[in-house]
Amino acid sequence: MGAPTFVVLPRYRVPEAFDMVDMRDVCLSALKVGKSLGVDEVEAYVLDKEVITIRIANSQIIESKGIRDRGLAVRVVKGKAIGSAATTGLTSENLKKNLHDAFASAKVRGPAKHWTSLPKPGKLEIVPKLWDGRLAKLTVDETAKIAFRMMDSALGRGDKIADVSGSLNVVRESVSLMNNHGLDVEEKASYILGTVTTEAREGTETSSGFSFHSARTLADFNADQVGIEAADMALRSLGARSANEDKYSLILTPSAFGEVLAFVLSPHFVSKSYQDKVSCFYGKLGRKIVDENVTVYDDPRVIGGLGSKSFDDEGVPTMRTPLIEGGIFKNLLYDTFYASKDKVQTTGNALRFGGPIGRSCDPIPFPSPHDVSVKPGDYTVEELIRETKRGILASRLWYTYPINPERGDFSTTARSGNFLIEKGEIKYPVRMMRIYDNLPRWLNSVEGIGKEVSQVMPWHALPSITPAIKIENVKVTPVA
Amino acid sequence: MDQASKMGARYADIRIERSKGEGFILENGKVEHIAIGTDEGAGVRALVQGTWGFYATSRLTTESVLKAVELAVRLAKATGVKIAAPVRLADVRVVRDKDVVTVKRRIEDYPIEERVKLAKDCDSTMRKVSSRIHKAFVAIGADKLLKIFQSTEGTQINYNYSKCYIRVEAIAHAAGLTESVSREEGGTGGIERITEPNVIEISENVAKKAYALLKAPTPPVEKLPVIMDQDYVALLTHEILGHPSEADRVLGREAAWAGVAWWKGMLGQRIGSDLLNVSDDPRIEGGLGYYRYDDEGVPSEEKVLIKDGILTSHMHSRETAAIFGVKPNAGMRASSYRFVPLIRMSNTFIKPGDWTFEEMLKDVNRGVYVVGNKIPSIDMRRCNWQISAQWAFLIEKGELTKLLRDVTVAGTAPEFFKSIDAVGKDFQIRPVPSCGKGDPMQGLHVGNGGPHIRGVATVQGTRGV
């Protein structure tokens with residue numbers, strides 16, 4: 001089977017230039033230099049990205065900072081030997097040096113026998129609302145005002161809010177990507193991310209609260225809500241007791257389950273993990289692996305999604321890819337390199353993830369989900385709680401890591417917003433707990449799925465869109 | 001810097017960098033990915049109206065750098081209007097110096113082709129051990145960095161750094177069981193950091209151990225005397241002693257993501273046995289956390305964090321040193337010009353004692369010896385911890401008896417540190433290639449370690465459920 005081919009070559013023109021550097025010219029020059037080196041294939045990827053971050057700690061702004069990052073990443077292929085290089089020095093001299101570095105690295109690498117080709121031009125359907133002119137033009141002063149609103153809305157919930165911390169990130173980026181097969185795409189993206197962590201205090205008692213909100217447009221971002229939610233979680237969590245070490249029904253809010261999706265579930269559906277046999281679902285493609293009420297997609301085409309983009313980081317049009325459908329393992333996530341190993345087509349999942357969100361100028365893309373999306377169920381969170389005899393509601397997980405990935409074992413700490421549930425009612429807040437469990441067991445023990453989804457994203461990790469979820473018989477151990 | 005002062009900055013500094021990195025991953029004898037990266041740019045920090053502004057640019061033109069200065073000042077001014085506690089900086093002496101890493105053999109004298117050959121030798125050594133080694137990974141990286149630091153106070157330091165590191169990993173599989181063992185070597189310096197350790201022998205041992213684990217039993221669930229090797233101690237020190245020593249974390253400034261410090265307000269109090277001595281020392285040549293001047297231009301020194309079990313000091317920036325009323329101790333680093341410096345570990349370790357490993361072992365009637373580290377699970381105060389080991393041995397009547405797989409050890413910081421009754425003399429600094437902090441997150445290489453130590457903790461298996 002050959003390389004993926006698509007029908008039309010569209011050129012998505014950026015409506016307004018974000019950068020003073022002409023990114024297309026850089027790409028064209030890189031292709032020209034590549035051709036002069038006599039390579040078979042060449043790809044040029046230019047990224048221009050600005051991140052403005054306002055950090056809050058001790059209930060005041062402690063840092064206001066920005067990064068303007070421009071870079072070129074190239075891949076060259078000669079006789080199926082693939083080399084790559086990246087540089088931030090966008091002079092013509094550096095550009096030539098970068099191509100030479102990539103070519104030299106290809107020679108060292110040697111041929112990848114499975115390699116087919118860099119992507120051919122495809123039919124590109126633009127995902128709307130990836131770029132917001134208002135967000136793009138947001139000034140430093142206006143950005144600071146939003147951060148102050150996040151903080152002040154938390155402090156405004158009462159004197160018991162003793163400490164507010166968090167951050168506001170505004171990200172604007174523009175990418176241009178070409179290869180010698182005629183692929184030629186450009187896209188701009190904007191993001192706004194706000195997170196607040198609060199500490200409430202009453203006498204010697206303390207508790208913590210957390211909230212995260214994000215949007216692709218300024219109009220869709222609610223700064224007040226971030227602070228209010230975090231403050232209210234901390235206030236509700238005052239007077240916490242230790243939970244007994246035991247098994248409970250565990251209800252995870254979207255924020256909490258997002259940690260599991262990013263750090264535990266996602267890697268098992270990446271083609272590289274599967275090829276290395278370190279996926280706990282290895283050998284089960286096409287088979288039922290979890291409860292039939294579990295359906296999970298990778299969805300980079302949701303309007304407003306943090307992972308939404310029209311094409312992946314090697315220019316392949318993105319698509320909605322089912323990972324689990326009705327409990328059945330449907331697909332792996334591929335870029336062209338790993339797809340060629342399995343002689344299949346890429347799923348458009350080549351990523352060069354850049355913190356805090358968006359793209360980077362990494363020289364090599366890697367297959368990853370864009371935005372893992374869990375199909376909602378029928379329950380409100382209140383109904384999930386009402387139908388729980390003895391359980392725990394957990395709102396923020398932390399230090400979530402796979403331990404034995406080939407088995408799906410993982411550990412995590414429930415950090416904030418934990419509440420004991422008895423006979424369908426929240427009884428009292430509980431302190432931090434450690435959970436040590438197994439992913440296939442969890443997804444085979446799903447008792448209910450919420451009907452409302454949220455966009456969530458853990459610290460320096462991939463985003464997901466998920467409802468709350470209820471898992472049966474989860475052993476928790478108090479840690480404080 | 002003149003421009004920053006003209007625009008109203010009470011203090012400003014700039015880091016200008018140019019770097020090159022070469023890295024590859026070899027899998028089962030074939031180079032899977034290879035890349036060469038060059039990077040350049042400048043990061044400007046300005047203290048205006050009592051607060052910090054920072055802006056970085058990857059364009060090293062006068063125009064772009066002056067624009068970065070302007071934006072750093074504007075960012076500070078935009079948020080400085082409501083500052084309740086203006087930033088004060090502890091005084092430091094003005095320095096004009098250079099900081100050059102000692103290199104025995106330059107990276108360019110051992111070209112990437114040679115490094116690939118070394119990796120292939122490691123790979124074939126691992127796969128020769130058994131047909132049950134179904135995957136062998138070798139990754140080698142080599143980085144060079146030129147940096148200039150300059151401040152409005154007149155400090156200027158020119159840095160010339162290089163570092164090399166290697167990771168080998170063997171994955172063994174049989175009858176539904178998969179076991180992996182890995183090891184890192186490397187540090188600041190030249191190519192000797194990966195050629196002087198016997199990486200072929202290390203690769204063989206890694207593969208032999210992964211294969212042996214396929215037949216090993218899981219551990220008992222029991223509170224027992226535990227002897228920890230230097231690699232396990234490295235991660236325990238990193239998570240439970242190093243991170244809580246960062247003064248910004250003690251002050252609650254990392255509460256949003258990375259958590260707080262379990263010993264906040266406990267300076268001068270006992271937090272471990274008399275045998276527990278902990279320091280952070282950037283001056284250790286070869287450690288991945290080596291530097292002579294931090295990213296505020298402060299000369300580095302040993303920070304004595306815990307002395308004879310008593311919490312004595314924290315790692316500081318000039319700002320936190322002023323808050324605590326102490327001398328700055330050179331704790332500030334940024335992972336590149338792109339980021340504002342934060343208080344970070346350099347080489348953080350438990351100091352050696354006078355026990356031999358054999359003496360430690362002899363005293364244990366029933367216990368466990370844990371080797372290497374895998375995954376930490378930590379509460380947000382970094383007090384309660386659970387860290388899995390690469391493998392372990394059961395200790396019975398003073399002897400290592402059975403190899404154990406899938407072992408984790410759990411404890412609570414003060415209880416465990418007070419239980420330490422033996423500290424070895426076999427001190428090592430181990431490379432820790434990925435430490436994350438900040439928002440946006442900054443990944444950084446650090447060194448952590450110590451000698452073998454012995455204490456009491458809960459041993460259990462790592463299988464979920």
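What follows draws every value from the coordinates through simple rules; no lab data is involved. The structure displayed is predicted, hence computed values, not measured ones. Here Cβ is always computed from backbone atoms with ideal geometry, including for glycine, and neighbour counts include all displayed protein chains.
With each label point set 7 Å from Cα along the Cα-Cβ vector, what nm distance links A:Ile303 and B:Lys82?
Each label point is offset 7 Å from its Cα along the Cβ direction, giving 3.3 nm.
Provide A:His114, B:His33 in ascending order of the number of other Cβ atoms located within 10 Å of each residue's Cβ, fewest first.
Final ranking by Cβ density, sparse to dense: A:His114, B:His33.
Taking the Cα centroid of region B:353-397 and of region B:243-302, what is the distance between the two, rounded to the nearest whole Å?
Cα centroid to Cα centroid, the span is 23 Å.
Based on alpha-carbon centroids, what's the gap between region A:318-342 and region A:225-282 in Å, whole number please?
Region A:318-342 and region A:225-282 have Cα centres separated by 23 Å.
Using r as the Cβ-Cβ distance of B:Ala322 and B:Glu63, and R0 as 45 Å, what FRET efficiency do you calculate, to the nearest 0.05? Show your work: numbers first, answer last.
Working: r = 35 Å, r/R0 = 0.77.
Efficiency at R0 = 45 Å is approximately 0.85.
For region B:2-213, what's the radius of gyration and Dmax over Cα atoms, in angstrom?
Looking at region B:2-213, its Cα Rg and Dmax stand at 23.6, 71 Å.
As a footprinting exposure proxy, order B:Arg366, A:Arg434 by other Cβ within 10 Å, with the fewest listed first. Walk me through the numbers on the way to the answer.
On the way: B:Arg366 14, A:Arg434 23.
The fewest-first ordering by Cβ neighbours comes to B:Arg366, A:Arg434.
If you keep only loop residues by DSSP, which trypsin sites (Lys or Arg not before Pro) in region B:84-128 have at most 16 other Cβ atoms within 10 Å of their Cβ? Mind dumping the intermediate values first?
Numbers: sites: B:Arg88, B:Arg93, B:Arg96, B:Lys98, B:Lys104, B:Arg105, B:Arg106, B:Arg115, B:Lys117, B:Lys120, B:Arg127, B:Lys128; in loops: B:Arg88, B:Arg93, B:Lys104, B:Arg105, B:Arg106.
Answer in residue order: B:Arg88, B:Arg93, B:Lys104, B:Arg105, B:Arg106.
Mind pulling the per residue volume of the convex hull built on the Cα atoms of the protein assembly as shown? Å³ is fine. Don't jump to the answer; show the numbers that get you there.
Values: hull volume 139.2 nm³, N = 945.
Dividing the Cα hull volume of the protein assembly as shown by its residue count gives 147 Å³.
Evaluate region A:23-236: find the radius of gyration of its Cα atoms, find its Kirkwood radius, and give the ratio Rg to Rh. Numbers along the way, then the final one.
Values: Rg = 23.2 Å, Rh = 20.0 Å.
Value, to two decimals: 1.16.
Taking every eigenvalue of the Cα gyration tensor of region B:337-465, multiplying by 5 and rooting it, what semi-axes result, largest first, whole Å? Walk me through the intermediate numbers first.
On the way: eigenvalues 170, 65, 35 Å².
For region B:337-465, the semi-axes come out at 29, 18, 13 Å.
So if R0 is 35 Å, what FRET efficiency would B:Glu114 and B:Thr356 give, r being the distance between their Cβ atoms, rounded to the nearest 0.05?
Working: r = 38 Å, r/R0 = 1.09.
Between B:Glu114 and B:Thr356 the formula returns 0.40.
For the modelled label position 7 Å from the Cα of B:Arg270 along Cα-to-Cβ, which residues of region B:419-435 have backbone nitrogen atoms closer than 16 Å?
Output list for this probe position: B:419-422.
Rank these for me by crowding, B:Ile350, B:Ile240, going from fewest to most other beta carbons within 10 Å. Don't skip to the answer; put the middle values down first.
Details: B:Ile350 30, B:Ile240 25.
The fewest-first ordering by Cβ neighbours comes to B:Ile240, B:Ile350.
Taking the simple approach of a point 7 Å from Cα along Cα-to-Cβ for both B:Asp421 and B:Lys307, what is their distance in nm?
For B:Asp421 paired with B:Lys307, the spin-label model returns 2.8 nm.
Kirkwood hydrodynamic radius, chain A, all distinct C-alpha pairs: what's the number in Å?
Details: mean 1/r = 0.0424 Å⁻¹.
For chain A, the Kirkwood estimate is 23.6 Å.
Net charge near A:Thr380: determine it from the other residues with C-beta under 13 Å of the C-beta of A:Thr380, scoring Lys and Arg +1 and Asp and Glu -1. Could you put the intermediate results ahead of the total?
Numbers: positive: A:Arg386, A:Lys451, A:Lys470; negative: A:Asp378, A:Glu382, A:Glu383, A:Glu387, A:Glu452.
Neighbour charge sum, excluding A:Thr380 itself: -2.
In Å³ and rounded to a whole number, note down the convex hull volume per residue for the Cα atoms of region B:402-465.
Working: hull volume 10.8 nm³, N = 64.
That works out to 169 Å³ per residue.
Summing +1 for each Lys or Arg and -1 for each Asp or Glu, what net charge is found among the other residues whose Cβ lies under 11 Å from the Cβ of B:Ala457? Walk me through the intermediate numbers first.
Numbers: positive: B:Lys223, B:Arg454; negative: B:Glu222, B:Glu415.
After counting each charged neighbour, the total is 0.
Loop-only check: which chymotrypsin sites (Phe, Trp or Tyr not before Pro) in region A:107-157 are DSSP coil with at most 13 other Cβ within 10 angstrom? Mind dumping the intermediate values first?
Working: sites: A:Trp115, A:Trp131, A:Phe148; in loops: A:Trp115, A:Trp131.
Here no chymotrypsin sites (Phe, Trp or Tyr not before Pro) fit, given the DSSP loop and packing criteria.
Among A:Gln455, A:Ser237, B:Gln230, whose Cα projects farthest towards the positive end of the dipole of the protein assembly as shown, with charges put on the beta-carbon of Lys, Arg (+1) and Asp, Glu (-1)?
Positive-most Cα among the choices belongs to A:Gln455.
Please work out the Kirkwood hydrodynamic radius for region A:420-474, using every pair of different C-alpha atoms, and report it in angstroms with one decimal place.
Numbers: mean 1/r = 0.0731 Å⁻¹.
After inverting the mean inverse Cα-Cα distance, the result is 13.7 Å.
Within 10 Å of each Cβ in B:436-448, how many Cβ atoms from other chains are there, averaged over the peptide? Working shown, then result.
Working: counts 3, 0, 7, 15, 14, 5, 2, 2, 0, 0, 0, 0, 0.
Mean shielding by partner chains, rounded to a whole number: 4.
State to the nearest 20 debye the size of the charge dipole of region B:2-213 about its Cα centre, where the only charges are +1 on K and R beta carbons and -1 on D and E beta carbons. Don't skip to the end; give the middle numbers.
Working: 34 positive and 29 negative charges, 112 e Å.
Using only the charged Cβ atoms, the result is roughly 540 debye.
With labels modelled as points extended 7 Å from the Cα through the Cβ direction, what inter-label distance (nm, one decimal) is found for B:Lys128 paired with A:Lys423?
Rounded to a tenth, the inter-label distance reads 7.1 nm.
Let me test this: with uniform point scatterers at the alpha carbons of region B:222-461, what is the Debye-based log₁₀ I(q)/I(0) at q = 0.07, 0.10, 0.12 1/Å?
Evaluating at q = 0.07, 0.10, 0.12 Å⁻¹ gives log10 I(q)/I(0) of -0.21, -0.43, -0.62.
What Kirkwood Rh does chain B have if only Cα atoms enter the pairwise 1/r average? Answer in Å. It would help to have the intermediate numbers written out before the result.
Details: mean 1/r = 0.0427 Å⁻¹.
The Cα-based Kirkwood calculation yields 23.4 Å.
Quick check for me: using +1 on Lys/Arg Cβ and -1 on Asp/Glu Cβ, what's the dipole size of chain B about its Cα centre, in debye to the nearest 20? Numbers along the way, then the final one.
Numbers: 64 positive and 59 negative charges, 166 e Å.
Its charge dipole is roughly 800 debye.
Shielding of B:55-64 by partners, i.e. mean partner chain Cβ atoms within 10 Å per residue?
Across B:55-64, the average partner-chain Cβ count within 10 Å equals 5.
Where the centre of each part is set by its Cα atoms, how far does region B:55-129 sit from region B:177-237, in angstrom?
Computed from Cα coordinates, the inter-centre distance equals 29 Å.
For a test of the definition: using alpha carbon positions, the gyration tensor, and the 1.5 limit on a/c, classify region B:153-305 as rounded, prolate or oblate.
Values: a/c = 2.43, a/b = 1.33, b/c = 1.82.
Since a/c reaches 1.5 but b/c is at least a/b, the shape of region B:153-305 is classed as oblate.
Per-residue Cβ counts within 10 Å, from other chains only, averaged over B:373-379: what number is that? Walk me through the intermediate numbers first.
Working: counts 0, 3, 8, 3, 13, 6, 11.
Averaged over the peptide's residues, the number is 6.
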